[in-house]
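The values are calculated or read from the model by the stated rules, or taken from the named source; none is laboratory data. Please read all numbers here as calculations on a predicted model, not as lab measurements. The accessibility values were calculated without ligands, DNA or RNA, using every heavy atom of the protein model including side chains. Shrake-Rupley method; radii C 1.70, N 1.55, O 1.52, S 1.80 Å.
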Amino acid sequence: MANIVEQQEKTIEQQGKTMDEAIEEGLKKLGVSKEKAKIEIICEGKKGLFGFIGGVPAKVKLTLIHDSGEIAVQVLNEIIKLMNIKGSVNSRETDGKLILDIVSGDAHFLIGKNGQTIDALQYLINIMMKKSCRQEKEIILDIAQYRTKMDDNIIQLAVKAAAHVINTGKDVVLDPMNSHERQLIHVTLQNHRRVSTKSIGDGESRKVVIFLKQGNNGDRKEKSSPPHKGNRHATVRM
């Protein structure tokens, strides 16, 4: 996997009689088109007397332009291979995030119990890409639309929890969630007329609290509802 990243970071310096010649030779050595390389001029060159005496060759520096999506796909494919799992990876960008869709007949194994395996793989590849390629976009791993289904469940949870807060007048503290899941709760309820949300806690214990907005707490109780236990994301029952 390190070889994949190192290959993408390749930089060379190339000389030529002219600037165009130096660039052309450098691109041939990198095996890429001009659009795939960053070109820096080190020396424009100078013709010598009679065209050759005392001349200075042109010199350029060429660096492969990082395509973080392609690198991430290659790295994840390598990880899957090391896990002895047959599969392939496709990439797409949505809302500023890089989505890596895994296609495999071993979806249940890659997802793991309560999504623990796919979450661990997602954490690993985000760390690797940020460290090696300075990848700024968040990378989301998905397989068999698992993330889409989980997002739908979280949205339903937010709606039910909001209704529970309105009916009881008490806060609802949800189980700890990752940053994506917490954001989804906040976005789902951000325009709600009667309830609002906030995150509390640190690290893996960070969770969302849903509470009545000011002016809607006439029947509000002093004590909050305890966190819902059981499943990874508990269901709020009416």
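Using just the Cα positions, wrap segment 148-212 in a convex hull and report its mean projected area in square nanometres, one decimal place.
Reported value for the Cα convex hull: 3.9 nm².
Keeping all protein chains in place and using 1.4 angstrom, which order do Leu82, Leu30 fall into by accessible surface area, from largest down?
Largest accessible area first, the list is Leu82, Leu30.
Compute the distribution of all C-alpha to C-alpha distances in segment 28-149, in bins of 5 Å from 0, and list the percent of pairs in each, rounded to whole numbers.
Spelled out bin by bin, segment 28-149 gives 2, 9, 16, 17, 13, 10, 7, 6, 5, 4, 4, 3, 2, 2, 0, 0 percent.
Leaving out ligands and nucleic acids, and using a 1.4 Å probe, what accessible area per residue does segment 68-144 come to in Å²?
Counting only protein heavy atoms, the per-residue value for segment 68-144 is 55 Å².
How large is the accessible surface per residue of segment 148-212, computed with a 1.4 Å probe and reported in Å² as a whole number?
51
Over what distance in Å are the Cα centres of segment 149-178 and segment 68-129 separated?
Between the Cα centre of segment 149-178 and that of segment 68-129, the gap is 29 Å.
Hey, which of these cross-link pairs are over 28 Å Cα-Cα: Lys36/Lys149; Lys36/Lys59; Lys130/Lys207; Lys160/Lys207; Lys160/Lys198?
The answer is Lys36/Lys149.
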